[in-house]
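J.: Below you'll find the structure I mean.
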Amino acid sequence: MYKKSNNGVVGLVLIGAGAALVGTGFALVTPVCLSWSRNRLQDAYSKGKKRMISGFESAAETLGDVASKAQTPLGEAAKAARQTTAIAAGAVESAAHYVREHVS
């Protein structure tokens, strides 16, 4: 009977030692896994940030190209509008002068 109880105590000690080793393993592995995952998240964040910034830069370049290409036609259109307005104003003034002379 003493041998059976001695074997039980040895088994219980081995189970306790195994549980302690598992706890120690988790205590050693957990910070490593957390550090690795944090580094991966930081890398993903910095890559996304760089891609977004480069996207904004390319969009700004495209907008600058469009603005420079549109500036000349818009300037010409404004010049034509000023000429047309001057012609229309002259026609209105001529009509008003005609009405003043013939109606009075």
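Nothing in this text is a laboratory measurement; each read-out follows from the coordinates by a stated rule. Just so you know, these numbers come straight off a predicted model, no measurement behind them. Don't worry about glycine lacking a Cβ; one is built from the backbone with ideal geometry, like all the others, and counts go over all protein chains shown.
J.: Can you tell me the alpha carbon radius of gyration of the stretch 14-59 divided by the globular rule-of-thumb value 2.2 N^0.38 Å?
T.: Working: Rg = 19.9 Å, N = 46, 2.2 N^0.38 = 9.4 Å.
Scaled against compact globular proteins, the figure is 2.11.
J.: Who wins for biggest fluctuation among LEU14, LEU74, LEU34 in a Gaussian network model of the chain, springs between alpha carbons below 10 Å?
T.: Highest fluctuation among the options: LEU14.
J.: Can you tell me the FRET efficiency between THR30 and GLU57 if r is taken as the Cβ-Cβ distance and R0 is 41 Å, rounded to the nearest 0.05? Kindly include the intermediate steps, with their values, before the conclusion.
T.: Values: r = 41 Å, r/R0 = 0.99.
E(calc), rounded to 0.05, equals 0.50.
J.: In whole Hz and in residue order, list the ³J(HN,Hα) couplings for the stretch 43-56 that follow from phi through the Karplus curve 6.51 cos²θ - 1.76 cosθ + 1.60, θ = phi - 60°; x for Gly and Pro.
T.: Karplus values, whole Hz, x for Gly and Pro: 4, 5, 5, 5, 5, x, 5, 5, 5, 5, 5, 5, x, 5.
J.: Among ALA80, ALA67, ALA44, which one shows the biggest mean-square fluctuation in a GNM of the chain, springs joining Cα atoms closer than 10 Å?
T.: Evaluated over the chain, the most mobile residue of the options is ALA80.
J.: Once the convex hull of the alpha carbons of the chain is built, what does its volume come to per residue, in cubic angstrom? Kindly include the intermediate steps, with their values, before the conclusion.
T.: Working: hull volume 16.5 nm³, N = 104.
Measuring per residue, one finds 159 Å³ for the Cα hull of the chain.
J.: Summing -39500 (n - 2.57) over the DSSP H runs of n ≥ 4 in the chain and dividing by its residue number, what mean residue ellipticity at 222 nm do you reach, to the nearest 500 deg cm²/dmol? Can you show the working numbers first?
T.: On the way: 1 runs with 102 residues, N = 104.
Counting only the DSSP helices, I get -38000 deg cm²/dmol.
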